[in-house]
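To keep things clear, I will list the structure first and then write my remarks on it.
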Amino acid sequence: MALKPSRGLYLYLRTLKEALGDDIITSDEAQILKVLAEALGVRPSDTAECLSVARGETTDPFDELEEDYAGHRMGDAATYQTTLIAALDDEVISEDEWSMLNSLRTIIGIQEDQHTMIEESIRSMAEIDENGTRRIEQLNRFNTVCPY
């Protein structure tokens, strides 16, 4: 079944291609991709075909479209926040995960002030969340590895 172009599919494919940059998808990357697929509304049945597209085995549904799916859209900050929290809650954060998050931030055009607001939101949630302290430690590391 052919993939139907959508904004969510576009973002998922771009991030998946970033994850495949080293030809391997680690378990950490797979976890981020799963969260991202859910947040973007990419059906589980489409993820295998997306992998085939990312590997160049199948035609990319965005190659010959006139519609532009790039740039910042409504809801992108929430998607980025959800994905960032999923990465922060992971016990081991690899350089591949940081790269994917940084790539997603760039793809959807998260500005420095938006990232700051998302960071403040995560910090404020830390006080009432059982994973809060660990999440803040990981967030501080992310800001060191991928500064804005």
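The values are calculated or read from the model by the stated rules, or taken from the named source; none is laboratory data. The shown structure was predicted, so the numbers you read here are calculated from the model rather than taken from an experiment. Methodologically, a virtual Cβ is constructed for each residue, glycine included, from the backbone with ideal geometry; neighbour enumeration extends over all protein chains shown.
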So, residue 63, is that one on the phi < 0 side of the Ramachandran plot, at pLDDT 85 or above, surrounded by fewer than 19 Cβ atoms within 10 Å (Cβ to Cβ) and not in a helix (DSSP H, G or I) or not? yes
Identify all residues within the stretch 26-49 that are closer than 18 Å to residue 103 by Cβ and assigned to a loop (DSSP other than H, G, I, E, B); write none if there are none. 26, 42
Output the number of the condition that residue 86 fails; it satisfies all remaining conditions of (1) modelled with pLDDT of 85 or more; (2) part of a helix (DSSP H, G or I). (1)
Candidate set from the stretch 31-59 (those that are in contact (Cβ under 8 Å) with a residue 40 or more places away in the chain and more than 14 Å from residue 15 (Cα to Cα)); member that is surrounded by the most Cβ atoms within 10 Å (Cβ to Cβ): 46
Can you confirm whether residue 136 is assigned to a helix (DSSP H, G or I) and at pLDDT below 85? yes
Restricting the stretch 1-30 to residues that are polar (S, T, N, Q) and either within 19 Å of residue 72 (Cα to Cα) or at pLDDT 90 or above (or both), which is surrounded by the most Cβ atoms within 10 Å (Cβ to Cβ)? 15
